[in-house]
Amino acid sequence: MAPSLGSGSTRILLIVLLLLCLRQQAVVDAAIVEHTFHVGNLTVERLGQRQVITAVNGQFPGPKVEARNGDTLLVRVVNNSPYNITIHWHGVLQRLSAWADGPAMVTQCPILPGSGAGSSYTYRFNVTGQEGTLWWHAHVSFLRATVYGALLIRPRPGVPYPFPAPHAEHTLLLGEWWNASATLVDVERQAFLTGGQPANSVALTINGMPGLSHAHKEMHHLRVARGNTYLLRLVNAALNYQLFFKVAAHNFTVVAVDACYTDPYHTDVIVIAPGQTVDALMHAGAAPGRRYYVAAQVYQSIANATYSATARALLRYDDDAKDAAKTIIMSPRMPALNDSATAQRFYGSLTGLLRDGKPTVPQRVDTRMVVTYGLAIAPCLPAQTLCNRTRGSLAASMNNVSFQLPATMSLLEASRSRSSGVYTRDFPDRPPVMFDFTNAAAVNRNMSLMVTSKGTRVKALRYNETVEVVLQNTAVLGTENHPLHLHGFNFYVLAQGTGNYYYLIRKKKIRKNLVNPQQRNTIAVPAGGWAVIRFTADNPGVWLMHCHLEAHLPFGLAMAFDVQDGPTPDAMLPPPPNDYPPC
């Protein structure tokens with residue numbers, strides 16, 4: 001007979017002691033991870049041209065930050081560059097640490113250049129409850145083109161991955177490169193002055209290398225051992241392009257996206273939008289005696305787009321021939337530039353991994369929103385000295401509000417200090433006019449649908465309310481797949497597709513996945529299409545939601561949620577740290 005645990009009160013005491021021991025063990029396992037980021041100028045050579053870029057610690061891409069679930073990060077950023085800077089920890093939930101989120105004039109004022117007051121700031125946050133591949137990047141101007149790096153969050157010690165353990169891993173950051181006579185800040189500045197699109201990049205990169213030379217200069221190399229399985233950690237750090245990713249003669253099993261585990265998904269091509277991450281297992285079992293190109297290629301969702309670029313890396317087996325000149329190199333067969341069917345098949349096929357004790361989809365919805373968004377036209381501003389004032393300036397909007405960042409105080413500081421005149425809490429739950437959103441011929445004959453006005457309007461949310469948002473892409477000035485990133489939360493992707501959501505829902509052609517939808521922090525809403533997302537507003541602060549095509553943020557394709565404090569002290573945002581940057 002098993003020994004008795006005694007009375008009910010004794011059993012309760014034992015359970016309490018066990019929970020305290022487990023909590024204490026979690027505290028012991030957690031660590032404080034400290035880094036110092038020195039932001040400054042760096043001269044690099046790519047494509048035969050020397051270029052001065054802004055970089056962290058003299059590295060491009062920047063340093064990799066590694067932590068474990070439960071750790072606390074302290075990252076001191078010292079700004080030795082000529083520009084204002086902030087760092088956003090993309091995908092970190094920032095539970096009760098909204099002051100460390102990083103978007104300029106949303107959760108903080110920029111870190112100033114120089115050595116005086118406001119030229120450094122320490123980001124303090126923890127990564128409890130998160131595992132997987134995330135990243136960090138500048139959140140001012142176009143500086144994130146070169147100021148970025150990986151943020152890897154591993155499970156606690158002794159906790160396995162929910163998939164077969166890989167033998168090793170490779171982190172691949174996919175980016176863009178400009179060979180510009182001026183700086184990237186000047187590229188954005190020129191676009192602002194003209195009221196048009198910024199100049200295209202000239203190449204893509206894999207870990208900072210374009211890999212265009214057949215001599216394999218400026219090409220990242222991956223070494224693998226035959227028979228081993230590798231975890232590829234992919235980050236799309238490009239400013240303006242979604243990408244197809246392939247490795248010649250190799251397949252993948254996707255196991256996580258945006259640091260959220262997925263059901264295993266087998267594929268030979270990965271599609272990844274700016275801001276997104278993908279964790280995929282790759283078995284090194286290709287034919288011997290050969291080398292294999294790794295390729296990242298532009299995916300264009302805009303009709304009649306012609307710009308294309310491909311970056312390459314080289315995958316080499318440890319047992320390949322020593323005479324590289326005689327070794328055959330296999331190239332992957334890439335999708336067509338505009339293969340939206342392949343892109344949407346990948347995005348729509350992912351489902352979330354159900355795990356015991358982990359949150360599931362909230363079934364109750366408190367607030368429902370419909371957010372239409374896309375490009376628009378706005379009057380030229382006085383400072384846009386090269387803008388065609390008859391045609392107007394290119395803009396973007398959500399529910400016909402073209403988001404304008406405040407100039408004197410961050411939204412978060414204004415929210416917490418209850419300052420008036422910085423923003424209003426009246427972002428609309430619906431578009432002002434309902435129309436056939438994806439009918440390009442009809443939409444672009446109606447000038448009133450193209451014109452927008454600027455404003456700093458946010459949506460106020462009560463603590464812990466559940467929000468469902470229909471994100472409806474429009475055909476105004478052309479259809480495009482916009483990747484939308486929500487700060488401060490992961491959300492469930494309940495459904496996505498092409499066409500007009502309300503027409504399809506009336507025809508009962510939409511089924512929401514309320515069992516095991518994928519979770520993300522960045523969703524690529526299909527060109528001429530829609531997506532339905534759901535999240536619980538359980539994190540006080542002001543949280544930006546914006547298009548992660550970098551050119552579209554200054555156009556105004558953004559909005560923000562102002563989430564109130566909870567009812568108890570452990571659900572309230574603390575005051576800002578002492579070194580919070582002043583405006």
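Please specify each residue of segment 367-381 satisfying the condition of being over 13 Å from residue 397 (Cβ atoms) and under 27 Å from the mean Cα position of the chain (by Cα). Within segment 367-381, 367, 368, 369, 370 qualify.
Of note, residue 32 satisfies the criterion of being loosely packed, with under 14 Cβ neighbours inside 10 Å and touching a Ser or Thr at 6+ places or on another chain (Cβ under 9 Å). Taken together, 100, 30, 55 contain a single residue that is closer than 30 Å to residue 204 by Cβ and of a type in the set (A, V, I, L, M, F, W, C), which is 55. Annotation for segment 28-42: at least one member residue is in contact (Cβ under 8 Å) with a residue 40 or more places away in the chain, in contact with a Lys or Arg (Cβ under 9 Å, 6 or more places away or on another chain), within 22 Å of residue 174 (Cβ to Cβ) and aromatic (Phe, Trp, Tyr). If you go through segment 514-528 one residue at a time, do you hit one that is surrounded by fewer than 21 Cβ atoms within 10 Å (Cβ to Cβ) and polar (S, T, N, Q)? Looking for residues that are surrounded by fewer than 21 Cβ atoms within 10 Å (Cβ to Cβ) and polar (S, T, N, Q), one finds at least one in segment 514-528, hence yes. Every condition in (1) of a type outside the set (S, T, N, Q); (2) without any contact (Cβ under 8 Å) to a residue 40 or more places away in the chain; (3) in contact with a Phe, Trp or Tyr (Cβ under 9 Å, 6 or more places away or on another chain); (4) outside the structural domain of residue 101 (by the TED database) holds for residue 113 except the one numbered (4). When the strands (runs of 3 or more DSSP E) confined to segment 471-583 are screened for residues that are over 19 Å from residue 89 (Cα atoms), those reaching at least 3 such residues are found at 491-498, 529-536.
Rundown of residues vs (1) surrounded by 14 or more Cβ atoms within 10 Å (Cβ to Cβ); (2) at pLDDT below 95; (3) not in a strand (DSSP E or B); (4) not assigned by the TED database to the domain that holds residue 88, yes/no style:
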position: 18; (1), (2), (3), (4): no, yes, yes, yes
position: 21; (1), (2), (3), (4): no, yes, yes, yes
position: 24; (1), (2), (3), (4): no, yes, yes, yes
position: 27; (1), (2), (3), (4): no, yes, yes, yes
position: 39; (1), (2), (3), (4): yes, no, no, no
position: 45; (1), (2), (3), (4): no, yes, no, no
position: 51; (1), (2), (3), (4): yes, yes, no, no
position: 63; (1), (2), (3), (4): yes, no, yes, no
position: 70; (1), (2), (3), (4): yes, no, yes, no
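Does segment 498-513 hold any residues that are surrounded by fewer than 17 Cβ atoms within 10 Å (Cβ to Cβ) and on the phi > 0 side of the Ramachandran plot, and which are they? 508, the sole residue that qualifies.
Go through segment 207-260 residue by residue and tally those that are β-branched (Val, Ile, Thr) and under 18 Å from residue 330 (Cα atoms). The qualifying residues number 2. Of the residues screened, residue 68 is not one that is within 28 Å of residue 206 (Cβ to Cβ), in contact (Cβ under 8 Å) with a residue 60 or more places away in the chain, among the basic types (Lys, Arg) and in contact with a Phe, Trp or Tyr (Cβ under 9 Å, 6 or more places away or on another chain). Restricting segment 534-556 to residues that are of a type in the set (A, V, I, L, M, F, W, C) and at pLDDT 95 or above, the residue that is farthest from the chain's Cα centre (by Cα) is 537. The single residue among 235, 224 that is modelled with pLDDT of 95 or more and under 28 Å from residue 520 (Cα atoms) turns out to be 235. The lone criterion from (1) in contact with a strand residue (DSSP E or B) (Cβ under 8 Å, 6 or more places away or on another chain); (2) under 30 Å from residue 260 (Cβ atoms); (3) of a type outside the set (Gly, Ala, Ser) left unmet by residue 450 is number (2). Annotation: residue 442 fulfils all but one of (1) surrounded by fewer than 14 Cβ atoms within 10 Å (Cβ to Cβ); (2) assigned to a loop (DSSP other than H, G, I, E, B); the unmet one is (2). Pairs meeting the criteria (first residue in segment 549-576 and in the same structural domain as residue 472 (by the TED database) and within 27 Å of residue 381 (Cβ to Cβ), second residue open to solvent by 30 Å² or more (accessible area, probe 1.4 Å) and small (Gly, Ala, Ser), beta carbons under 6 Å, at least 6 apart or on different chains) are 562/460.
When segment 445-467 is filtered for residues that are over 20 Å from residue 558 (Cβ atoms) and either open to solvent by less than 40 Å² (accessible area, probe 1.4 Å) or in contact (Cβ under 8 Å) with a residue 60 or more places away in the chain (or both), the ones remaining, listed by number, are 462, 463, 464, 465, 466.
Taking (1) open to solvent by 10 Å² or more (accessible area, probe 1.4 Å); (2) over 19 Å from the mean Cα position of the chain (by Cα); (3) at pLDDT 95 or above in turn, residue 116 satisfies each apart from (3).
The values are calculated or read from the model by the stated rules, or taken from the named source; none is laboratory data. Owing to the predicted nature of the structure, the values given are computational and were not obtained by experimental measurement. Glycine gets a Cβ as well: all are built from the backbone with ideal geometry, and neighbour counts include every protein chain shown. Ligands, DNA and RNA are stripped out before the accessible areas are found, and what is left, the full protein with its side chains, is counted by its heavy atoms. Shrake-Rupley method; radii C 1.70, N 1.55, O 1.52, S 1.80 Å.
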